[in-house]
Amino acid sequence: MSIFEVIMMVCFGSAWPASIYKSYTERTARGKSIAFLLIVFIGYIAGILHKVFYNLDWVVSLYALNGLLILVDIVLTIRNSSLDQRAHS
């Protein structure tokens, strides 16, 4: 474990609740990129796999929490895309 890795995970993770809140309340996918969210999600999965196979410690829980938050934002973005399409039909 590195204190710098912990700081990075806490800083990155602090952004997701705000993004989720915005996705949930605004009910639009405008300004969101599903591709970006998927790339970041894959990055967190890769981080989890690295921790599991090479350096397992408690920091893996931060990767998992961040991954879960991104997954929630992905689901909301998909929902909001659907709402946007219905609104423009």
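Quick one: would you say Tyr63 is touching a Lys or Arg at 6+ places or on another chain (Cβ under 9 Å), under 17 Å from Ala15 (Cβ atoms) and among the aromatic types (Phe, Trp, Tyr)?
Values: touching a Lys or Arg at 6+ places or on another chain (Cβ under 9 Å): yes; under 17 Å from Ala15 (Cβ atoms): yes; among the aromatic types (Phe, Trp, Tyr): yes.
The answer is yes for Tyr63.
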Margin query: Residues to consider are Leu65, Leu76; find the one that is in contact (Cβ under 8 Å) with a residue 40 or more places away in the chain, surrounded by fewer than 17 Cβ atoms within 10 Å (Cβ to Cβ) and hydrophobic (A, V, I, L, M, F, W, C).
Written below: Leu65
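Let's see how each residue does on (1) aromatic (Phe, Trp, Tyr); (2) touching a strand residue (DSSP E or B) at 6+ places or on another chain (Cβ under 7 Å); (3) assigned to a helix (DSSP H, G or I); (4) within 15 Å of Glu5 (Cβ to Cβ):
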| position | (1), (2), (3), (4) |
| --- | --- |
| Ala35 | no, no, yes, no |
| Leu38 | no, no, yes, no |
| Phe41 | yes, no, yes, no |
| Ile45 | no, no, yes, no |
| Trp58 | yes, no, no, yes |
| Ser61 | no, no, yes, yes |
| Ala64 | no, no, yes, yes |
| Leu68 | no, no, yes, no |
| Val75 | no, no, yes, no |
Margin query: Based on this model, can you work out whether Arg79 counts as at pLDDT below 95, assigned to a helix (DSSP H, G or I) and of a type outside the set (A, V, I, L, M)?
Written below: no
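The values are calculated or read from the model by the stated rules, or taken from the named source; none is laboratory data. Please read all numbers here as calculations on a predicted model, not as lab measurements. Cβ coordinates were reconstructed from backbone atoms using ideal geometry, including for glycine residues, and neighbour counts include every protein chain displayed.
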